[in-house]
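The structure under discussion appears below in the form of structure tokens.
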Amino acid sequence: DAKTTQPPSMDCAEGRAANLPCNHSTISGNEYVYWYRQIHSQGPQYIIHGLKNNETNEMASLIITEDRKSSTLILPHATLRDTAVYYCIVTDTGNQFYFGTGTSLTVIP
Amino acid sequence: KAGVTQTPRYLIKTRGQQVTLSCSPISGHRSVSWYQQTPGQGLQFLFEYFSETQRNKGNFPGRFSGRQFSNSRSEMNVSTLELGDSALYLCASSWTPGQAYEQYFGPGTRLTVT
């Protein structure tokens, strides 16, 4: 079962930062936080993952709170192509991924 | 580098038939996972294979099975198809299990059971 809670939907203006929250209050010490997104009718796409420290790559930034009970995915300058369902997943290495229902992000022109 | 490929992309079958779906992972990836996606249940984990061995299995009936070959290519089979098996079947590959590696997904096979 999914171990994360995400808002079902969010809107963001094009060019602005999109901040997608995720609660994972039961996360254990060896579990990672992964973010994926799925654009309509395509396979999910990996975005970023982290354990304790904040992470940044060419797509996004991941901010994990100090107690690791929640995290935020930041898309710094949202474009229309970022409209997708975003999944926050918590899992330890070697275990299966539970995707949950995700957040449907709509970027508005 | 080529991505994950799945064949066929679309398939129509009738109830009671069986179906085999194929997945070729990214070169060098040795772990393959399968997922079922439906509007009602979302993305659900089916099973994971590594080195030709099933490592994890989701909560699906025995009609769903899979295997992995020595070249890491994987197939999944669904026997005695039911209408509820209509779904997008996604395959994902990663380097190995047991590490914090990301999974790369294929485009999926859209199965329609009539």
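Taken over the protein assembly as shown, the alpha-carbon convex hull comes to 120 cubic angstrom per residue.
Neighbours of B:Tyr49, meaning other residues whose beta-carbon lies under 14 angstrom from its beta-carbon, give a summed charge of +2 when Lys and Arg score +1 and Asp and Glu score -1. Taking A:Ser61, A:Ser41, A:Ser71 as the candidate residues, the one with maximal mean-square fluctuation in a Gaussian network model of chain A, Cα springs under 10 Å, is A:Ser41. Translational diffusion coefficient, Stokes-Einstein: compute it for chain B using the Kirkwood radius over C-alpha pairs as Rh, at 20 °C and 1.002 mPa s, and state it as an integer in µm² s⁻¹. Translational diffusion coefficient: 153 µm²/s. For a paramagnetic label modelled at 7 Å from the Cα of B:Trp95 toward its Cβ, which residues of region A:66-109 fall within the zone defined by backbone nitrogen distances under 12 Å? Taking a point 7 Å out along Cα→Cβ of B:Trp95, no residue of region A:66-109 has its backbone N under 12 Å. Measuring nothing but how far apart in sequence close Cα pairs (under 8 Å, 6+ apart) lie, relative to its length, chain A scores a relative contact order of 38 percent.
Straightening the chain between B:Thr5 and B:Asn59 buys 17.0 nm, computed as 0.36 nm per residue apart minus the Cα-Cα spacing. Shown are A:Arg16, A:Arg68, whose ranking by accessible area with a 1.4 Å probe and every protein chain present, most to least, is A:Arg16, A:Arg68.
Placing unit charges on the Cβ atoms only, positive for Lys and Arg and negative for Asp and Glu, gives chain B a dipole magnitude near 160 debye about its Cα centre.
Sort region A:1-52 into rounded, prolate or oblate with this rule: let a ≥ b ≥ c be the square roots of the eigenvalues of the Cα gyration tensor; rounded if a/c is under 1.5, and if a/c is not under 1.5, prolate when a/b is larger than b/c, oblate otherwise. Since a/c reaches 1.5 and a/b is larger than b/c, the shape of region A:1-52 is classed as prolate. The slack in the chain from A:Leu51 to A:Thr72, taken as 0.36 nm per residue of separation less the alpha-carbon distance, amounts to 6.3 nm. The tail of the calculated P(r) for region A:21-95 beyond 14 Å holds 58 percent of all Cα-Cα pairs.
Split the accessible area of chain B by element, probe 1.4 Å, and carbon with sulfur accounts for 47%. Summary of packing: across the peptides B:54-60, B:8-14, B:104-110, the per-residue average of other C-beta atoms within 10 Å ranks them, highest first, as B:104-110, B:54-60, B:8-14. Summing Cβ point charges (Lys, Arg +1; Asp, Glu -1) relative to the Cα centre of the protein assembly as shown gives a dipole of roughly 580 debye.
The values are calculated or read from the model by the stated rules, or taken from the named source; none is laboratory data. Here the structure is a predicted model, which means the values were calculated and not measured. Using ideal geometry, Cβ is built from the backbone for each residue, glycine included, and neighbour counts are taken over all protein chains shown. To get the accessible areas, we keep the full protein, side chains included, count just its heavy atoms, and leave off ligands, DNA and RNA. Shrake-Rupley method; radii C 1.70, N 1.55, O 1.52, S 1.80 Å.
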